[in-house]
Structures are given as C-alpha cells and as structure tokens.
Amino acid sequence: MPVFLQSALLLTASNVFMTFAWYGHLKKLNHSAWYVAALISWGIALFEYMLQVPANRIGYQTMSLAQLKIMQEVITLSVFVPFAVFFMRQPLKLDYLWAALCMMGAVYFIFRSN
C-alpha cells in the first residue's frame, strides 16, 4: 500500500476518535461536570494519538511537514461534516462546501511542488 494511502487511512481513523473526543461530549455528556467530560475525552484521545503518531511517521517518509498538516486538515473537515450532520444533528450548510473549496486550494499549493 502506498505511503500516502497508509497515512491517510490512519489519519482518517485518528480523526474519527479526535472528533468524538473534542465534540461528542457536547451531546452525550452535556449534563455532566466538565472534568468528567474532559477525562472521558482524554481517554478517547488516547486512541487518536495511537493512530495519529504512526500516521505522521509513515507519511513523513515521503511527504513534507506542511503536506502532512494540510492532509490532516482536509481529513478533519471530511470527518467533521458527517459528524456534525449525522451525530450532532446540525444542518448541512453551504459554508462546508466553501470551506472544502478553500482546502482544495491549500492542497494545490502545498502539493504542487511534488
């Protein structure tokens, strides 16, 4: 499997954990004390880091630091939108499309030198 794909798949899985750690408590633990939500979020974030660290190490074999960061941001938006719509029941906004178009521009500029 190509390095880019390995890194992208691991970062995608990492982002699922990250998104639930960062935002899932807003729906599921909104009546709990903040420190309870923080402890549970830290527990979820452990799994994020167990995927994110190897993803970046693998990706850094062939990609620059800036390329890894932009890839991470694109994946973050790609994971966040379905999370917001389906899990958090937020409306799908046209702003997500505009944000994605801006990210496509970032991808172009970061990866064009390769």
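For the reader, a short list of remarks on this structure follows.
- Qualifying residue in the stretch 4-24 (condition: loosely packed, with under 14 Cβ neighbours inside 10 Å, of a type in the set (Val, Ile, Thr) and in a helix (DSSP H, G or I)): no
- Every residue from the stretch 46-69 that is crowded, with 18+ Cβ neighbours inside 10 Å and under 18 Å from Thr19 (Cβ atoms): Glu48, Leu51, Gln52, Ala55, Asn56
- Close Cβ contacts (under 6 Å, 6 or more residues apart or on different chains) running from residues in the stretch 1-16 that are without any contact (Cβ under 8 Å) to a residue 60 or more places away in the chain to residues that are of a type in the set (S, T, N, Q) comprise Ser14/Gln52.
- Any hit, the stretch 37-49, residues being without any contact (Cβ under 8 Å) to a residue 24 or more places away in the chain, in contact with a helix residue (DSSP H, G or I) (Cβ under 6 Å, 6 or more places away or on another chain) and not hydroxyl-bearing (Ser, Thr, Tyr): yes
The rows are residues; the columns are (1) out of contact with any strand residue (DSSP E or B) (no Cβ under 6 Å at 6 or more places or on another chain); (2) at pLDDT 95 or above; (3) of a type in the set (Val, Ile, Thr).
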position	(1), (2), (3)
Lys28	yes, no, no
Val53	yes, yes, yes
Gly59	yes, yes, no
Val79	yes, yes, yes
Asp95	yes, no, no
Met103	yes, no, no
Ile110	yes, no, yes
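The values are calculated or read from the model by the stated rules, or taken from the named source; none is laboratory data. Everything numeric in this text was worked out from a predicted model, so none of it was measured. Here Cβ is always computed from backbone atoms with ideal geometry, including for glycine, and neighbour counts include all displayed protein chains.
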